[in-house]
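All of the numbers you see were taken from the coordinates with simple rules; none came from a lab. Not measured: the values here are computed from a predicted model. Backbone-built Cβ (ideal geometry, glycine too); neighbour counts: all protein chains shown.
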């Protein structure tokens with residue numbers, strides 16, 4: 001069978017025996033200062049520069065690639081005007097996943113990290129099967145940190 005798209009309830013198949021399993025590679029963000037943004041993402045989300053991508057960052061028009069997981073998923077920081085308070089055009093939010101215990105540690109550090117200060121309050125939401133905290137970076141990008149270990153969080157938050 002040749003590669004063809006099937007109806008939305010089916011997957012894209014390369015052949016009868018091979019199915020593509022896509023993963024997120026990177027999300028591109030425009031920031032006024034890549035170094036300042038990299039410092040914020042390192043401090044708040046433990047993102048580090050991706051080894052082997054230095055040549056792209058050396059170009060002022062190229063991306064500074066950051067990753068919290070050794071390069072499996074990445075943020076590509078480009079110099080430019082961030083979204084700020086303009087209405088969303090394109091993607092709306094970048095979501096990061098943690099285990100329940102990691103999520104609780106992150107939530108406990110919100111004030112220390114300076115998240116939710118001023119008018120951009122962090123919003124914690126119980127989605128029944130998941131817990132999320134919503135906030136923005138200093139450039140107005142919408143971010144979410146979520147966990148699907150809802151029972152771990154519910155149990156620990158109820159005990160607090």
If contacts are Cα pairs under 8 angstrom and at least 6 residues apart, what is the relative contact order of region 24-82 in percent? 47 percent
Calculate, in nm to one decimal, what residue 72 and residue 42 gain on full extension: separation in residues at 0.36 nm each, minus their alpha carbon distance. 9.2 nm
Obtain the nm distance between the two label points defined at residue 81 and residue 127 by a simple spin-label model: each point lies 7 Å from its Cα along the Cα-to-C-beta direction. 3.2 nm
Between residue 101 and residue 51, what length comes free when the chain is fully extended (0.36 nm per residue of separation minus the Cα-Cα distance, one decimal in nm)? 15.2 nm
With the crude spin-label approximation of a point 7 Å out along Cα→Cβ, what separation in nm comes out for residue 152 versus residue 35? 3.7 nm
For an R0 of 22 angstrom, estimate the FRET efficiency from the Cβ-Cβ distance between residue 112 and residue 144 and round to the nearest 0.05. 0.70
